[in-house]
Amino acid sequence: MGPTARIDLAALGHNLQKARDFVPGSRIYAVIKANAYGHGMLRVAPYLVGADALAVARVEEAVKLRQAGVDRPLLVLEGFYDAAELEAAAHYQLEVAVHQQEQIDMLRQRRLTHPLVCWLKVDSGMHRLGFQPAAVEAAWQALQSDPSVAAGVRLMTHLSSADDLNDPATSTQIATFRPFVERFRSPCSIANSAGIIGWPTAKSDWARPGIMLYGASPMLGQTGEQIGLKPVMTLQSRLIAINHFAKGSPIGYSGNWVCPENMPVGVVAAGYGDGYPRHAPSGTPVLLNGSRVPLIGRVSMDMLTIDLRSQRAARLGDPVTLWGEGLPAEVVAHQAGTIAYELFCGVTQRVLFEEING
């Protein structure tokens, strides 16, 4: 007995529609990189037909989708890195981000059978990938004149701090990016999930929802539930033991949590070997039979322990929700000092995935 990740495909469609509601008039790239944020790229792709296109991080992800029969427009957000990836991008008719001069040089050196749709990435302040503002004009002209590039070069940027509505960096980035859109009259894309939810000024031709598709909010101090999103993944397991310990008994590795009184302690079949965060502290909530109870002691590889003083009627086999329906992943992530993205991506291969509402 171990955890099950229940994937609600109807919730995925609901969240996609919510993204559209935030940016009416924009077209949508549904971002399914990193195995759809741990939800299963090949699993969710057929249920995102309401999106205009799909986006991944790497060429190899896009190739897997093509080989699985996905024939929708596919954007590779990291672009290509060598000749083999460039040839694969052309062969599979992928769209690519161009963010380095070396990519432009590779395009110049080859006459591709299928010209590539290229998104010129502007570094408006993220300082990770993209052309600095002073270099954008030359890069755009080079792509426009290259026969290996499809007509109509597009522009994109990525927001670094849109999760914080009080941070002026987002407004500065948008102000840096917009003049290039006006100058080149190119289709453009600005908003990630945080931009979609929190920044109307980031609205553009194309939006790129990622984490919000899976039911979590990227905004500081906010859960997806608060803005009408539904959790797509519910990670569940069961009670496999109920023990009774005397006051002063240490629980788990290192005994860093000690029973404050005589009390029942439950053991749940889930641990960091399944992707539950090892550093989740005592007090992190789980749901037992729909009610919150706290984690106690250290999370181990296969098990975690919970305080049953408020659930004395608990029985072996009772269901335990680690995050998902009824317990937002953002709540667990905050307790563990991480983000919902990491929780989702960290679910391991030994967890059983189950699709519902497909």
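Restricting to the range 312-332, and then to whatever is assigned to a helix (DSSP H, G or I) and in contact (Cβ under 8 Å) with a residue 60 or more places away in the chain, can you tell me which residue is nearest to PRO281 (Cα to Cα)? Across the range 312-332, the extreme among qualifying residues is VAL331.
Across the range 172-214, the number of residues qualifying as of a type outside the set (A, V, I, L, M), open to solvent by 40 Å² or more (accessible area, probe 1.4 Å) and in a helix (DSSP H, G or I) comes to 8.
Checked against (1) modelled with pLDDT under 95; (2) within 23 Å of ALA175 (Cα to Cα), PHE131 passes all but condition (1).
If I filter the range 134-151 for residues that are within 24 Å of ILE28 (Cβ to Cβ) and in a loop (DSSP other than H, G, I, E, B), do I get at least one hit? Checking the range 134-151: at least one residue is within 24 Å of ILE28 (Cβ to Cβ) and in a loop (DSSP other than H, G, I, E, B). Taking the criterion of being hydrophobic (A, V, I, L, M, F, W, C) and in contact with a strand residue (DSSP E or B) (Cβ under 7 Å, 6 or more places away or on another chain), the residues of the range 317-346 that qualify are VAL320, LEU322, TRP323, LEU327, ALA329, VAL331, VAL332, LEU343, PHE344.
When you scan the range 269-280, do you find a residue that is in a strand (DSSP E or B) and modelled with pLDDT of 95 or more, even just one? Break it down stepwise before answering.
Step one: of the range 269-280, the residues in a strand (DSSP E or B) are none.
No: the range 269-280 contains no residue that is in a strand (DSSP E or B) and modelled with pLDDT of 95 or more.
Say whether the condition of being touching a Phe, Trp or Tyr at 6+ places or on another chain (Cβ under 7 Å), on the phi > 0 side of the Ramachandran plot and open to solvent by 10 Å² or more (accessible area, probe 1.4 Å) is met by at least one residue in the range 5-15. No, the range 5-15 has no match at all.
Can you give me the number of residues within the range 301-322 that are open to solvent by less than 20 Å² (accessible area, probe 1.4 Å) and under 30 Å from the mean Cα position of the chain (by Cα)? Summing the residues that are open to solvent by less than 20 Å² (accessible area, probe 1.4 Å) and under 30 Å from the mean Cα position of the chain (by Cα) in the range 301-322 gives 5.
For the range 222-246, filtered to residues that are over 17 Å from the mean Cα position of the chain (by Cα) and in a loop (DSSP other than H, G, I, E, B), the residue that is surrounded by the fewest Cβ atoms within 10 Å (Cβ to Cβ) is ALA246. Residue count for the range 67-98 under the criterion of being in a helix (DSSP H, G or I), surrounded by fewer than 22 Cβ atoms within 10 Å (Cβ to Cβ) and touching a strand residue (DSSP E or B) at 6+ places or on another chain (Cβ under 7 Å): the result is 1.
For ILE104, are the conditions met, namely being under 23 Å from ALA84 (Cα atoms), assigned to a helix (DSSP H, G or I), modelled with pLDDT of 95 or more and under 30 Å from the mean Cα position of the chain (by Cα)?
On the way: under 23 Å from ALA84 (Cα atoms): yes; assigned to a helix (DSSP H, G or I): yes; modelled with pLDDT of 95 or more: yes; under 30 Å from the mean Cα position of the chain (by Cα): yes.
Yes, satisfied.
The values are calculated or read from the model by the stated rules, or taken from the named source; none is laboratory data. This is a predicted model, so every value here is computed, not measured. Cβ coordinates were reconstructed from backbone atoms using ideal geometry, including for glycine residues, and neighbour counts include every protein chain displayed. Quick note on the areas: whole protein, heavy atoms, side chains included, nothing else; ligands and nucleic acids left out. Shrake-Rupley method; radii C 1.70, N 1.55, O 1.52, S 1.80 Å.
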